[in-house]
Amino acid sequence: MTIADPINQLRLALAEAGSPTLSTAESEAWAKLERWRAASEGLPLMLGVSPTAWPGICARPGCAPLVDAVWAAFAAALGVACDTDPERSPLALRSAALGLGLSPPPAIDRLLDFIQRLLPAAAPTEAAAEAEVLAAQERETLLGAALMLVTRMPQDCVDELGYYDSARITRLILQKALLWFPLGPPQLDRAGIETLLARWLPPKGSD
């Protein structure tokens, strides 16, 4: 899908109206932001227009229908309603714009290219942080499952001497794993779960 004709007509109308273009300093300032509003910031920036001047442009009789046409296609590419102005990342907005044949001005394009090159280096850190959060949630679920079992099925959680046994509790957790892990088994293996539970159980031989 392209919107070449409305885009070209809008660019021509902007040029004829003497609309202020985006300066290098403004481009740098906007590129540093993590989110742009799609309609009031993203679209004008993709056209090389300062968002501060955009409301006046949208109100011009010759520009308003073209702005509406371009925004309707842009909103559809983003999967948002035309009467909304959601926030999106600059890279996501550029990707949608390029898919429609709307090329951003070179200054914005170069800055976003630079930012995109930096992202892969940061990705492992973000992935590691997310993995740690998921691991913490899993440990919390395992400890909660163990607490429920020793409360409701204490006779099945102790050894021959009457001490809570991490191996027995782990076996019960894995047998009933769907209760706590409906989307798939825990990432910790049997030995890992036993070690986790053993840290919290009273040592055998203690009163």
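Name the helices (runs of 4 or more DSSP H) wholly inside the range 163-207 in which the number of residues that are open to solvent by less than 60 Å² (accessible area, probe 1.4 Å), at pLDDT 90 or above and of a type in the set (S, T, N, Q) is 2 or more.
Working: elements: 166-175, 177-180, 190-200.
Fully inside the range 163-207 and qualifying: 166-175.
Look at E132 and say whether it is modelled with pLDDT of 90 or more, under 19 Å from the mean Cα position of the chain (by Cα) and not small (G, A, S).
no
Applying the selection to the range 26-63, what residues are over 20 Å from P106 (Cβ atoms) and surrounded by fewer than 18 Cβ atoms within 10 Å (Cβ to Cβ)?
Scanning the range 26-63 gives E34, R35, R37, S40, T52, P55, G56, C58, A59, R60, P61, G62.
Out of the residues in the range 64-82 that are over 23 Å from the mean Cα position of the chain (by Cα) and surrounded by fewer than 18 Cβ atoms within 10 Å (Cβ to Cβ), state the one that is modelled with the lowest pLDDT.
Only one residue fits best here, namely A64.
Any residue that is at positive phi and not hydroxyl-bearing (S, T, Y) - is there at least one of those in the range 58-74?
Scanning the range 58-74, I find no residue that is at positive phi and not hydroxyl-bearing (S, T, Y), so the answer is no.
Any chance the range 7-25 includes a residue that's at pLDDT below 90, within 24 Å of the chain's Cα centre (by Cα), in a helix (DSSP H, G or I) and surrounded by fewer than 21 Cβ atoms within 10 Å (Cβ to Cβ)?
The answer is no, given that none of the residues of the range 7-25 is at pLDDT below 90, within 24 Å of the chain's Cα centre (by Cα), in a helix (DSSP H, G or I) and surrounded by fewer than 21 Cβ atoms within 10 Å (Cβ to Cβ).
Exactly one condition in (1) modelled with pLDDT of 90 or more; (2) open to solvent by less than 80 Å² (accessible area, probe 1.4 Å) is false for A97; which is it?
Going through the list (1) modelled with pLDDT of 90 or more; (2) open to solvent by less than 80 Å² (accessible area, probe 1.4 Å), A97 breaks only (1).
Pairs please, first residue from the range 24-43 and farther than 12 Å from F74 by Cα, second anywhere and polar (S, T, N, Q) and open to solvent by less than 40 Å² (accessible area, probe 1.4 Å), Cβ atoms under 8 Å, 6+ apart in sequence or on different chains.
Every condition considered, the pairs that remain are E26/S50; E34/S89; R35/S89; W36/S89.
The values are calculated or read from the model by the stated rules, or taken from the named source; none is laboratory data. Note that this is a predicted model, so its numbers are computed, not measured. Cβ: placed from backbone, ideal geometry, glycine included. Neighbour counts: every protein chain shown. The area values use the complete protein model at the heavy-atom level, side chains included, leaving out ligands, DNA and RNA. Shrake-Rupley method; radii C 1.70, N 1.55, O 1.52, S 1.80 Å.
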